[in-house]
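The next block holds one structure in the form of structure tokens; read it before the comments.
The values are calculated or read from the model by the stated rules, or taken from the named source; none is laboratory data. What you see is a predicted model, and the numbers here were worked out from it, not measured in a lab. Here the Cβ is made from the backbone with ideal geometry for all residues, glycine too, and neighbour counts use every protein chain on show. These area figures cover heavy atoms from the full protein model, side chains too; ligands, DNA and RNA do not enter into them. Shrake-Rupley method; radii C 1.70, N 1.55, O 1.52, S 1.80 Å.
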Amino acid sequence: TDNDVYISSMLGSQYTKISNFKKARFHFEEALEADRTNPDLYNPYGLVLLYEHKYDEAIKQFERVLDLDPGYMYALENIAETNKAKGEIEKAINTFIKVVEKDPTLSLVYSKLAIIEDMFGNKEKSEELLQIAKDNLWAGNYGQVGLACYYSYKNDTSKALHYLEQAM
């Protein structure tokens, strides 16, 4: 039933929050068994697999989201993150660019690209991307979280906390 799917997905989400990925995976699989057409189930299930370093399985789940809902840009962003975690930086960059092409105002993606460029010593390009991220902040918290990630990466705790506070 719909209630069973909802309860299983909520349990999966709660277990993800406390890093009990085995139980989270179990509950998401239970929900997916009952509803194979809901992209909102595949995406968090894919995140659990990403956190477990099961990268290829995670990408399959995010691709399933896109099969069901091609406009679900956060699944595409999660594919980029998974490629980055796999060490496939060129694939990650190309996928982040696809996200930007779908939504050029998504601040979070610019922050993530700024981190990658900085990692490879492209300081000027990193600063340009960071400025675009700042210019595209909106009332939601997604962009602020991206900037917090960037400044955390740069070990600038003060700015990272500033953006986390804004996100909250």
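Residues of region 1-145: accessible area per residue at 1.4 Å, in Å²? Please report the intermediate quantities before stating the final value.
Numbers: 7720 Å² over 145 residues.
Solvent-accessible surface per residue comes out at 53 Å².
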query: What FRET efficiency do you get for T37 and S158 if R0 is 45 Å and r is their Cβ-Cβ distance, rounded to the nearest 0.05?
result: 0.50
message: With a 1.4 Å probe and all protein chains kept in place, how do L113, L47 rank by accessible area, largest first?
response: L47, L113
- request: Based solely on C-alpha atoms, express the radius of gyration and the Dmax of region 44-97 in angstrom.
  value: 10.0, 27
message: Run through region 10-100 and list the trypsin sites (Lys or Arg not before Pro) located in a DSSP loop whose Cβ has at most 13 other Cβ atoms within 10 Å.
response: R36
statement: Low-density loop GluC sites (Glu not before Pro), region 1-72, at most 15 other Cβ within 10 Å, DSSP non-H/G/I/E/B, are E52
message: Multiplying the sequence separation of K22 and D103 by 0.36 nm and subtracting their Cα-Cα distance, what value in nm do you get?
response: 25.8 nm
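How big is the C-alpha Rg of region 70-168 next to the rule-of-thumb value 2.2 N^0.38 Å, as a ratio? Provide the component values of the computation, followed by the final result.
Values: Rg = 12.6 Å, N = 99, 2.2 N^0.38 = 12.6 Å.
Normalised Rg, Cα atoms only: 1.00.
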message: Based on the alpha carbons, how large is the Rg to Rh ratio for the chain when Rh follows Kirkwood?
response: 1.00
message: Which entries of K86/K154; K125/K159; K112/K154 have Cα-Cα distances beyond 18 Å here?
response: K86/K154; K125/K159
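Which percent of the accessible heavy-atom area of region 43-168 goes to carbon and sulfur, probe 1.4 angstrom?
On region 43-168, the fraction of accessible area on carbon and sulfur atoms equals 52 percent.
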